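Peer 1: Submitted below is the structure of interest, expressed as structure tokens.
The values are calculated or read from the model by the stated rules, or taken from the named source; none is laboratory data. Note that the coordinates shown come from a computational prediction; the quantities given were computed from them, not determined experimentally. Cβ: placed from backbone, ideal geometry, glycine included. Neighbour counts: every protein chain shown. Note: areas computed on protein heavy atoms with side chains; ligands, DNA, RNA excluded. Shrake-Rupley method; radii C 1.70, N 1.55, O 1.52, S 1.80 Å.
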Amino acid sequence: MGPRSHVRLVVLHVLVMSLLLSLGGRLWYLQVMNGAHYKKVAADNRIRDIVVPAVRGQIVDDVGRPLVRNRTALVVSVDRTALVRQRDGGKAVLQRLATLLGTPYDQLALKTRLCGPGIKRPCWPGSPYQPIPIDDRVDPRKALQIMERQEDFPGVTAQLEPVRDYPRTDGATAAQALGYLQPITQEELNSRKGLKVTGFSGVDLIGRDGLEATYDSDLRGVPGDRRVLVDNRGRVTGIASEQPPVGGGTLVTSIDAKVQGIVEKALAQAMQDARHRGDPADSAASVVMDVRTGRIIALASFPTYDPSVWTGGISQDEYDALLSKQHGEPLISRATDGQFAPGSTFKISSLPAAVKDGYSLHGIYPCPSSYMVGARAFSNFEGESGGDIDLHRALVMSCDTIFYKFAYEEWLRDGGVHPVKNPKDPMEKMARAYGFGKRTGIDLPGEASGRIPDRAWKLAYWNDTKKTDCKRAKTGYPEIAKTDPARAAYLKAISSENCVDGYVFRAGDAANFSVGQGDVLVTPLQLARAYAALANGGTLWSPRVGKAVIAPDGSVKRRIDPVKTGRLPVPSNVLTYIRKALTDVPKEGTAAAPFAGFPFDRLAVAGKTGTAEVYGKKDTSWFASFAPANKPRYVVVAMVTQASTGATTAAPAVRQIWEGMYGLTGQPPALPDGNVPDRLPTLAPDGTVNAPPGFAVTAKNDQPAPAKDNQPTPAKGDQPAPVKDEQPTPGPGRHPATAKVERPATEHRRRPR
């Protein structure tokens, strides 16, 4: 062997030894240094973690009648991730599944798409890693074929899941108050720490509106964990450990299903009667509140919809119908989110403001047919004259001109168009003290704040709109001039005026404000709370719909109490004076006709009509009431848009509600002895609900909600006209032809004179 070969052999030996040492070191590192870690990894390869879903809690009324519950359904779901991994993207599997279910392939394909910009429903709005439900009403035989032939349906599951059910107990829907569920989105999964995805799409849902959204964490429950052993083929061979899920709590509400059903029926009847008279009657709302506690007994809004439309996915047509102006935007609650001019129901705020400003509570005041506000005449409704009367009579007959006088004189004392440094603004300040112009704080999302159009608001609104007004002052309204030249000229004049000095709080603004017209906006809930404060002696409540959450074991997890938010700055003698005056309104005042023959000896009802004039539309009808008048317990407020006067439409609806609540027409009363339960229902170990003593859970019309095929359209014939979106701000004492819709259900105009 030559020297060169010897060197090569030594190098080879060194290289081999180095490789052996490296391999040995690596083996020692893996088996000795990290042996415990890799042992655990090997064990984990044969263990799978499964999140066990928790059943969502139900929502019941104050007695325990179900408003929202769960039903067990066979749900077919598709794992989109498993499909896209297949060679053809899962097309063959979906075609076989479509044939089995008797559903068009195109429909299944649309349901498995992910929602995004430009993609119409049906599509999947949840996480792409969740199974997508495509059918929740599957024939058991077909579901069994899917489970037995997994080789033909990879990525497809059929299993029993809880599905939300809406029984319509005693005819109560309360769709807007209850809310709905939608799949959890990927963004929510990323942002909400600790939120577990179960893999069972039927329970991976989150509340999007109403009580479902407000109390989502209470209703959701806590998913469990199960660790199962699997073999090399992924088959389960045993259970390593298990932590059972904790079901969601039962939400007890203050809503009474019987009263809710009566209210919804009364509103529907009022709208139908108005249409028979030729009025559009395109929306309505009603609130029933306990004046002692601020709890909501009923909350209704029309147009409404079938909440079961959300179960199992929603089509684009159904979704569009819920938001469509053509269908009246039934997803919106007019009771909490609708903003409307209140008309004369607002006088319970204006009267004490005038008294506080120095006008005598027991004085005599002229009630002419019209009153000059500056250079313009502001008239009573239909030009009625009442002579010299006191304030009691002014409320009973709803004299406007007395309130115009108060407002105009107060405006002058504050400096008129050139206000003093610190104007008193007595009516505006009293309205805010009554809770108008701000949210009540009810435990429902999306509440509107209403509007108190004082000097500050006028200035802010002018700054926001002057650019548009100045543009319209030059260009006019050519799109309207083609069909209505007079209206176009009128709108152009208003725009010209507002362009220059739309920020000025004028005499006409003050006069309109005093009778709940002009730019004043309230929600039916705000008005109900104000009347509750009047009835209970001055306490303002932040209303509550939720009453308590009961844990699955029957214990009370937590109570939900209304909150006192303040007191009216009104002396008790003034409140008593107003209450006595309102007691005469249904007997001999503006509501005497709709309450003719009412048994006041059995139930004394006090109330106030309101007729809010809307330029270009029919009047908004209001009636706000409380009873028993001598010892108030409940407030009932009803509102119907484009439905004539308060006495014509809203008052008859309120009468029907009182009759149903107290059983005044021979039918059993919805409220035994006029009372709501002061105790909570109890939850039995088997999940059934037991009513408080003296009440019954059983109810009529406790039928499952209609099948998914039903459309979320309003009731038959309930098709309101669209609402215009553009408004030039009115000038002094004027009225706009259209209203700026700050929220979809807003209606507000100045009084046309």
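Peer 1: Checking residue 356 against (1) open to solvent by 60 Å² or more (accessible area, probe 1.4 Å); (2) over 38 Å from the mean Cα position of the chain (by Cα); (3) on the phi < 0 side of the Ramachandran plot, which single condition isn't satisfied?
Peer 2: Result: residue 356 fails condition (2) only.
Peer 1: Here is a follow-up. With open to solvent by 20 Å² or more (accessible area, probe 1.4 Å) and modelled with pLDDT of 95 or more as the only criterion, which of 430, 372 stands out?
Peer 2: Numbers: 430 fails: open to solvent by 20 Å² or more (accessible area, probe 1.4 Å).
Result: 372 is the single residue among 430, 372 that is open to solvent by 20 Å² or more (accessible area, probe 1.4 Å) and modelled with pLDDT of 95 or more.
Peer 1: Look through the range 450-461, keep the residues that are open to solvent by less than 40 Å² (accessible area, probe 1.4 Å) and not charged (D, E, K, R), and return whichever of them is farthest from residue 500 (Cα to Cα). Lay out the reasoning, then the answer.
Peer 2: Here is the first cut: in the range 450-461, the ones open to solvent by less than 40 Å² (accessible area, probe 1.4 Å) are 450-454, 458, 461.
When the remaining residues are screened for being not charged (D, E, K, R), the result is 450, 452-453, 461.
Working: 450: 27, 452: 23, 453: 19, 461: 13 Å.
The qualifying residue farthest from residue 500 (Cα to Cα) is 450.
Peer 1: Return the residue satisfying two criteria in turn: it lies in the range 308-352 and is part of a loop (DSSP other than H, G, I, E, B) and among the polar types (S, T, N, Q), and of such residues it is nearest to residue 403 (Cα to Cα). I'd like the intermediate steps shown before the answer.
Peer 2: So in the range 308-352, the residues part of a loop (DSSP other than H, G, I, E, B) come out as 311-315, 324-339, 341-342.
With the extra rule that they be among the polar types (S, T, N, Q), the set shrinks to 311, 315, 324, 326, 333, 336, 339.
Numbers: 311: 52, 315: 52, 324: 39, 326: 38, 333: 32, 336: 28, 339: 23 Å.
Checking each candidate, the answer is 339.
Peer 1: Follow-up question, since we're still on this one. I'm checking my understanding of the structure. Among residues of the range 540-558 that are within 22 Å of the chain's Cα centre (by Cα) and part of a strand (DSSP E or B), which one is farthest from residue 219 (Cα to Cα)?
Peer 2: Within the range 540-558, the first condition is being within 22 Å of the chain's Cα centre (by Cα), and the residues that meet it are 540-549.
From what's left, part of a strand (DSSP E or B): 540-542, 544, 546-549.
On the way: 540: 29, 541: 25, 542: 23, 544: 17, 546: 12, 547: 14, 548: 12, 549: 9 Å.
If we take residues in the range 540-558 being within 22 Å of the chain's Cα centre (by Cα) and part of a strand (DSSP E or B), then 540 is farthest from residue 219 (Cα to Cα).
Peer 1: Sticking with this one: Looking at residue 489 and the list (1) touching a residue at least 40 places away in the same chain (Cβ under 8 Å); (2) closer than 28 Å to residue 619 by Cα; (3) open to solvent by 20 Å² or more (accessible area, probe 1.4 Å); (4) of a type outside the set (Asp, Glu), which single condition is not satisfied?
Peer 2: So the condition that residue 489 fails would be (1).
Peer 1: What number of residues in the range 516-539 are in a loop (DSSP other than H, G, I, E, B) and either in contact (Cβ under 8 Å) with a residue 40 or more places away in the chain or basic (Lys, Arg) (or both)?
Peer 2: Of all residues in the range 516-539, those in a loop (DSSP other than H, G, I, E, B) come to 516-520, 523, 537-538.
Among the residues that remain, those that are also either in contact (Cβ under 8 Å) with a residue 40 or more places away in the chain or basic (Lys, Arg) (or both) are: 516-520, 523.
Residues that pass the stated criteria total 6.
Peer 1: Another question, if that's okay. Can we say residue 546 is at pLDDT 95 or above, among the small types (Gly, Ala, Ser) and buried (at least 18 other Cβ atoms within 10 Å of the Cβ)?
Peer 2: Details: at pLDDT 95 or above: yes; among the small types (Gly, Ala, Ser): yes; buried (at least 18 other Cβ atoms within 10 Å of the Cβ): yes.
Taking the combined requirement at face value, the residue satisfies it.
Peer 1: Could you check how many residues of the range 652-675 are surrounded by fewer than 23 Cβ atoms within 10 Å (Cβ to Cβ) and outside any helix (DSSP H, G or I)?
Peer 2: 9
Peer 1: Same structure again: For the structure I just gave you, tell me whether residue 385 is surrounded by fewer than 23 Cβ atoms within 10 Å (Cβ to Cβ), on the phi < 0 side of the Ramachandran plot, modelled with pLDDT of 95 or more and of a type in the set (S, T, N, Q).
Peer 2: On the way: surrounded by fewer than 23 Cβ atoms within 10 Å (Cβ to Cβ): yes; on the phi < 0 side of the Ramachandran plot: yes; modelled with pLDDT of 95 or more: no; of a type in the set (S, T, N, Q): yes.
So residue 385 does not fit the description; no.
Peer 1: Could you please give the count of residues in the range 80-95 that are buried (at least 16 other Cβ atoms within 10 Å of the Cβ) and among the basic types (Lys, Arg)? Working first, answer last.
Peer 2: Taking the range 80-95 and keeping what is buried (at least 16 other Cβ atoms within 10 Å of the Cβ), we get 80, 83, 90, 93-94.
From the residues that got through so far, the ones that are among the basic types (Lys, Arg) too are 80.
Count: 1.
Peer 1: Looking only at residues in the range 549-573 that are of a type in the set (Val, Ile, Thr) and surrounded by 23 or more Cβ atoms within 10 Å (Cβ to Cβ), which one is nearest to residue 254 (Cα to Cα)?
Peer 2: Just the residues of the range 549-573 that are of a type in the set (Val, Ile, Thr), to begin with: 549-550, 556, 560, 563, 565, 570.
From what's left, surrounded by 23 or more Cβ atoms within 10 Å (Cβ to Cβ): 550, 570.
Details: 550: 14, 570: 29 Å.
Looking at the filtered set, the residue picked out is 550.
Peer 1: A follow-up question, please. With the condition being open to solvent by less than 50 Å² (accessible area, probe 1.4 Å) and modelled with pLDDT under 85, I'd like the helices (runs of 4 or more DSSP H) fully within the range 164-257 carrying at least 2 qualifying residues.
Peer 2: Working: elements: 175-178, 186-191, 210-214, 216-220.
So the answer is 186-191.
Peer 1: Just for the range 359-406: of the residues that are assigned to a strand (DSSP E or B) and among the β-branched types (Val, Ile, Thr), which one is nearest to the chain's Cα centre (by Cα)?
Peer 2: As a first pass, look at the range 359-406 and keep what is assigned to a strand (DSSP E or B): 364-367, 370-373, 376-379, 387-390.
Okay, now just the ones that are also among the β-branched types (Val, Ile, Thr), so 364, 373, 389.
On the way: 364: 45, 373: 40, 389: 43 Å.
By that ranking, first place goes to 373.
Peer 1: So which of 263, 288, 309 ends up being farther than 17 Å from residue 444 by Cα, open to solvent by less than 20 Å² (accessible area, probe 1.4 Å) and modelled with pLDDT of 95 or more?
Peer 2: Numbers: 288 fails: farther than 17 Å from residue 444 by Cα; 309 fails: modelled with pLDDT of 95 or more.
Going through 263, 288, 309 in turn, the sole match is 263.
Peer 1: Given (1) within 19 Å of residue 431 (Cα to Cα); (2) surrounded by fewer than 24 Cβ atoms within 10 Å (Cβ to Cβ), where does residue 336 come up short, assuming only one miss?
Peer 2: (2)
Peer 1: Kindly evaluate residue 563 against the criterion of being among the aliphatic types (A, V, I, L, M) and in contact with a strand residue (DSSP E or B) (Cβ under 6 Å, 6 or more places away or on another chain).
Peer 2: Working: among the aliphatic types (A, V, I, L, M): yes; in contact with a strand residue (DSSP E or B) (Cβ under 6 Å, 6 or more places away or on another chain): yes.
The answer is yes for residue 563.
Peer 1: Based on what the data block shows, is residue 141 basic (Lys, Arg) and either in contact with a Ser or Thr (Cβ under 8 Å, 6 or more places away or on another chain) or at pLDDT 75 or above (or both)? Show your work before the answer.
Peer 2: Details: basic (Lys, Arg): yes; either in contact with a Ser or Thr (Cβ under 8 Å, 6 or more places away or on another chain) or at pLDDT 75 or above (or both): yes.
So residue 141 passes the test.
Peer 1: Also: Would you point out the residue of the range 493-509, among those that are of a type in the set (Gly, Ala, Ser) and assigned to a helix (DSSP H, G or I), that is surrounded by the fewest Cβ atoms within 10 Å (Cβ to Cβ)?
Peer 2: Taking the range 493-509 and keeping what is of a type in the set (Gly, Ala, Ser), we get 493, 495-496, 502, 507-508.
Subsequent filtering for residues that are assigned to a helix (DSSP H, G or I) retains 493, 495-496, 507-508.
Working: 493: 15, 495: 26, 496: 17, 507: 22, 508: 27.
Ranking the candidates gives 493 first.
Peer 1: Show the residue pairs meeting these rules: Cβ distance below 9 Å; 6+ apart or different chains; first residue within the range 120-134 and modelled with pLDDT under 70; second residue open to solvent by 30 Å² or more (accessible area, probe 1.4 Å) and basic (Lys, Arg).
Peer 2: 129/80; 130/80
Peer 1: Quick one: in the range 300-331, of everything that is within 23 Å of residue 611 (Cα to Cα) and among the hydrophobic types (A, V, I, L, M, F, W, C), which residue is nearest to the chain's Cα centre (by Cα)?
Peer 2: Kept after step one, since they are within 23 Å of residue 611 (Cα to Cα), are these residues of the range 300-331: 300-303, 328.
Now restrict to residues that are among the hydrophobic types (A, V, I, L, M, F, W, C): 300, 302.
Working: 300: 10, 302: 12 Å.
Ranking the candidates gives 300 first.
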